[in-house]
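> Take this structure first; my questions come after.
The values are calculated or read from the model by the stated rules, or taken from the named source; none is laboratory data. All values derive from a computational prediction rather than experimental measurement. Note that each Cβ is placed from the backbone with ideal geometry, even for glycine, and that neighbours are counted across all protein chains shown.
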Amino acid sequence: MAVGAWQRGLVADDGSQCMWQCRHIEPLKLENDVPDTTPLSQRPDMTVFLNGKYIPGDQARVGVMTHALSYGTGCFEGIRGYWNDQTKQLYLFRLREHYERLHNSCRIMNISLPYSVDELIAITVELVRRNGFRENCYLRPFAYKSDEIIGVRLNDLTDHFMMFTIPMGDYVATTGLRCGVSSWRRVDDNMIPARAKIAGAYVNSAFAKTEALQNGFDEAIMLTSEGHVSEGSAENIFLRFGDELVTPPPSENILLGVTRDTVMRLAQRELGHVVRERVIDRTELYIADEIFLTGTGAQLAPVIEVDHRPVGAGVIGAITTDLLELYGAVVRGKLAEYSDWLTPVYSDSPASATNGAHATNGAKAAKTPPTGRREAAGAGRVKK
Ligand SMILES: Cc1ncc(COP(=O)(O)O)c(C=O)c1O
């Protein structure tokens, strides 16, 4: 199927152009070959969740004076769903952790979210089911200040919640990213709290990403005001030195990534690596053996160059490759030990009965990840 303009217009969290593979959704009929530019979320055959209701995309309306639009006063999540063609099941990844983070973001932003974590999980599963995706997808829940007023503040305002979902294929170059250290510093906890996923804070990411792209890099690495390594424009960062993986701690103004947590656990349990949270200097980027970025959008993205200096041998490293393989297997439900991280969407799939994953309403999603530490490196080899 040709990629239509409505698909090309969609850009990932990190600003990169996505490779959309929409087998399920046909483009709207075009007159005289004029490309249809209707955004996916506004199509009548797409269902979105707005103000407590599932409605067709073309009926979803948000006012032009909406506070969050003017002032960035909203917080959101980015969640992925992975289609497994063998089990004919769509797995939503770590919904509980995403919604716990959304609740925390809302507490910081003075937004009262009208749904519990379990209710959000149930709404999410129902939304994806109504859209009938049988391919990888992405979800964007958004809690925001909805009043149509002029006046910048967080108190005494009305809060609303919406969510859309779209098909999403892989998009990050697996051949390795060339990164540049940004001249834009990461927002500080006392400026715009980085641990909350606040809409307005993404202007900081946008500045960094734009500078990186315009300077010929693929991605930006941002430093804190003190000059320590913080994260990418929409990804956390890991460096390998010998047998040890290091990543900046929460106090370095990072978003506490769900993928970061996943990779830390997989590296320790499955591959037997030491993973340490510690302050990282800029020049450590130039001497690391391996570097990779993690995020829901980017997944696990190898970095092969920083500021024109090759990382290690300038090719994708062995540990990054191992983790990429493991991560890909976990998110698609191929490692039973990690099924508690997955919420299956379709109850009629054979997988939902056999893999021990959550009930489809998600209410039983496990708070803690799987038990049982793997003893030896490579013990969790991926089943293909
Ligand atoms: C600024 C920022 N840091 C890190 C991440 C990675 O977080 P996660 O792995 O939860 O997607 C993201 C992605 O949403 C992000 O926007």
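> Answer yes or no: is there a residue in the range 345-352 that is assigned by TED's automatic domain parsing to the domain that holds residue 80, in contact with a Gly (Cβ under 6 Å, 6 or more places away or on another chain) and modelled with pLDDT of 95 or more.
The answer is no, given that none of the residues of the range 345-352 is assigned by TED's automatic domain parsing to the domain that holds residue 80, in contact with a Gly (Cβ under 6 Å, 6 or more places away or on another chain) and modelled with pLDDT of 95 or more.
> For the range 155-171, indicate whether the set of residues that are within 12 Å of the ligand (Cβ to nearest atom) and touching a Leu at 6+ places or on another chain (Cβ under 8 Å) is non-empty. Break it down stepwise before answering.
First, the residues of the range 155-171 that are within 12 Å of the ligand (Cβ to nearest atom): none.
Looking for residues that are within 12 Å of the ligand (Cβ to nearest atom) and touching a Leu at 6+ places or on another chain (Cβ under 8 Å), one finds none in the range 155-171, hence no.
> For the range 196-208, which positions are part of a loop (DSSP other than H, G, I, E, B) and within 10 Å of the ligand (Cβ to nearest atom)?
197
> A further question follows. Residue check: is residue 328 surrounded by 15 or more Cβ atoms within 10 Å (Cβ to Cβ), part of a loop (DSSP other than H, G, I, E, B) and out of contact with any helix residue (DSSP H, G or I) (no Cβ under 9 Å at 6 or more places or on another chain)?
Considered against the rule, which asks whether it is surrounded by 15 or more Cβ atoms within 10 Å (Cβ to Cβ), part of a loop (DSSP other than H, G, I, E, B) and out of contact with any helix residue (DSSP H, G or I) (no Cβ under 9 Å at 6 or more places or on another chain), residue 328 comes out as no.
> Another one. I need the full set of residues from the range 75-90 which are away from the ligand (no atom under 16 Å from the Cβ) and in a strand (DSSP E or B), in order please. Full working, then the answer.
Filtering the range 75-90 for residues away from the ligand (no atom under 16 Å from the Cβ) gives 83-90.
Scanning the range 75-90 gives 83, 84, 89, 90.
> Same structure again: Working only within the range 238-250, note down all residues that are of a type outside the set (D, E, K, R) and in contact (Cβ under 8 Å) with a residue 60 or more places away in the chain.
245
> Still on this structure, please answer the following. Restricting to the range 175-195, count the residues that are more than 17 Å from the chain's Cα centre (by Cα) and within 10 Å of the ligand (Cβ to nearest atom).
Residues of the range 175-195 that are more than 17 Å from the chain's Cα centre (by Cα), as a first pass: 175-193.
Going one step further and asking which of them are within 10 Å of the ligand (Cβ to nearest atom), we end up with 186-187.
Adding up the residues that qualify gives 2.
> Being in a strand (DSSP E or B), surrounded by fewer than 19 Cβ atoms within 10 Å (Cβ to Cβ), basic (Lys, Arg) and assigned by TED's automatic domain parsing to the domain that holds residue 46 is the requirement here; does residue 129 meet it?
On the way: in a strand (DSSP E or B): no; surrounded by fewer than 19 Cβ atoms within 10 Å (Cβ to Cβ): yes; basic (Lys, Arg): yes; assigned by TED's automatic domain parsing to the domain that holds residue 46: yes.
When the stated conditions are applied, residue 129 does not pass them.
> Would you point out which residue out of 63, 57 is crowded, with 19+ Cβ neighbours inside 10 Å and in the same structural domain as residue 125 (by TED's automatic domain parsing)?
Of 63, 57, the one residue that is crowded, with 19+ Cβ neighbours inside 10 Å and in the same structural domain as residue 125 (by TED's automatic domain parsing) is 57.
Residue by residue, here is whether (1) touching a residue at least 12 places away in the same chain (Cβ under 8 Å); (2) under 22 Å from residue 345 (Cα atoms); (3) touching a His at 6+ places or on another chain (Cβ under 6 Å); (4) assigned to a strand (DSSP E or B) holds:
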residue	(1), (2), (3), (4)
38	yes, no, no, no
61	no, no, no, no
65	yes, no, no, no
98	yes, yes, no, no
102	yes, yes, no, no
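> Continuing with this model, one more query. Hey, any hits in the range 303-321 for a residue that's assigned to a strand (DSSP E or B), within 13 Å of the ligand (Cβ to nearest atom) and of a type in the set (Val, Ile, Thr)?
Within the range 303-321 (the criterion being assigned to a strand (DSSP E or B), within 13 Å of the ligand (Cβ to nearest atom) and of a type in the set (Val, Ile, Thr)), the answer is no, since none of the residues qualifies.
> For the range 297-314, which residues satisfy the criterion of being closer than 22 Å to residue 233 by Cα and surrounded by fewer than 17 Cβ atoms within 10 Å (Cβ to Cβ)?
Scanning the range 297-314 gives 307, 308, 309, 310, 314.
> Next question. Hey, can you tell me all the residues within the range 241-293 that are in a loop (DSSP other than H, G, I, E, B) and either among the β-branched types (Val, Ile, Thr) or over 15 Å from residue 320 (Cα atoms) (or both)?
First, the residues of the range 241-293 that are in a loop (DSSP other than H, G, I, E, B): 242-243, 248-249, 253-257, 270-273, 278-280, 287-289.
Answer for the range 241-293, where residues must be in a loop (DSSP other than H, G, I, E, B) and either among the β-branched types (Val, Ile, Thr) or over 15 Å from residue 320 (Cα atoms) (or both): 248, 249, 253, 254, 255, 256, 257, 278, 279, 280, 287.
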